[in-house]
Amino acid sequence: MLIVVGDDISTGDLSPDGVVVMSFCSNVEAMANFVFRRLDPQFPTSAREWGGGFIVGGHNYGQGSSREHAVLAPKQLGVRAVIAKSFARIHRRNLIAQGLVPLTFADEADYDRVRQGDQWEISALHGNLERGEGECRARIVGAAEELRLQAGFTARERQILLAGGLLAYTRAAE
């Protein structure tokens with residue numbers, strides 16, 4: 001687990017505004033250096049060192065303005081999925097459009113069991129998406145624990161995620 005954050009994480013936490021950050025607007029790799037700088041200034045370094053992973057959030061993850069870089073920058077750092085209690089609607093859509101899987105806890109109390117640094121395996125996610133199953137399981141490596149996660153997607157959302165994002169999905173349809 002790369003980071004565990006609370007409720008109401010904004011797109012500004014993921015992609016801060018301001019002259020310093022916005023000067024890198026066309027350079028996603030450089031903008032990734034500012035992800036979660038207010039909450040954990042070492043997050044970009046840790047994410048790179050760990051080879052990517054997952055973000056866990058509370059309620060209303062991704063609230064605020066619709067910032068494409070709020071998804072592109074974490075993706076640049078190797079984030080493959082975000083697991084939260086709930087998502088802001090537009091940010092959830094942006095995650096799917098970029099091929100990052102937004103999952104929710106089947107039991108919100110499981111959020112309290114998550115620790116930064118935990119290693120998770122979500123082994124059957126691809127198959128679950130293909131079959132349209134609404135639930136998957138995350139196994140905490142080194143602990144005999146599993147968490148149930150909700151993967152409630154429309155058929156089109158599943159196709160976009162399986163393709164790796166909206167651009168790849170659109171290209172494949174041509």
- prompt: Hey, which of the strands (runs of 3 or more DSSP E) in segment 29-141, taking only ones fully inside, have at least 2 residues that are of a type in the set (Gly, Ala, Ser)?
  reply: 53-57, 79-84
query: Within segment 51-67, can one find any residue that is modelled with pLDDT under 95 and either in contact with a Cys (Cβ under 8 Å, 6 or more places away or on another chain) or of a type in the set (D, E, K, R) (or both)?
result: yes
query: Tell me, which residue of segment 88-108 that is over 18 Å from Leu162 (Cα atoms) and hydrophobic (A, V, I, L, M, F, W, C) is surrounded by the most Cβ atoms within 10 Å (Cβ to Cβ)?
result: Phe105
field: Residue ID - modelled with the highest pLDDT, chosen from residues in segment 28-39 that are surrounded by fewer than 16 Cβ atoms within 10 Å (Cβ to Cβ) and farther than 17 Å from Gln98 by Cβ
entry: Leu39
- request: Would you point out the residue of segment 142-166, among those that are touching a residue at least 40 places away in the same chain (Cβ under 8 Å) and assigned to a helix (DSSP H, G or I), that is farthest from Arg89 (Cα to Cα)?
  value: Ala163
message: Please count how many residues of segment 140-161 are within 17 Å of the chain's Cα centre (by Cα) and either basic (Lys, Arg) or surrounded by fewer than 16 Cβ atoms within 10 Å (Cβ to Cβ) (or both).
response: 4
- request: Kindly establish whether Gly62 is out of contact with any Lys or Arg (no Cβ under 8 Å at 6 or more places or on another chain) and either within 25 Å of Phe43 (Cβ to Cβ) or touching a residue at least 12 places away in the same chain (Cβ under 8 Å) (or both).
  value: no
query: In segment 1-27, how many are at pLDDT 95 or above and among the charged types (D, E, K, R)?
result: 2
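The values are calculated or read from the model by the stated rules, or taken from the named source; none is laboratory data. The shown structure was predicted, so the numbers you read here are calculated from the model rather than taken from an experiment. We place every Cβ from the backbone using ideal geometry, glycine too, and count neighbours over all the protein chains shown.
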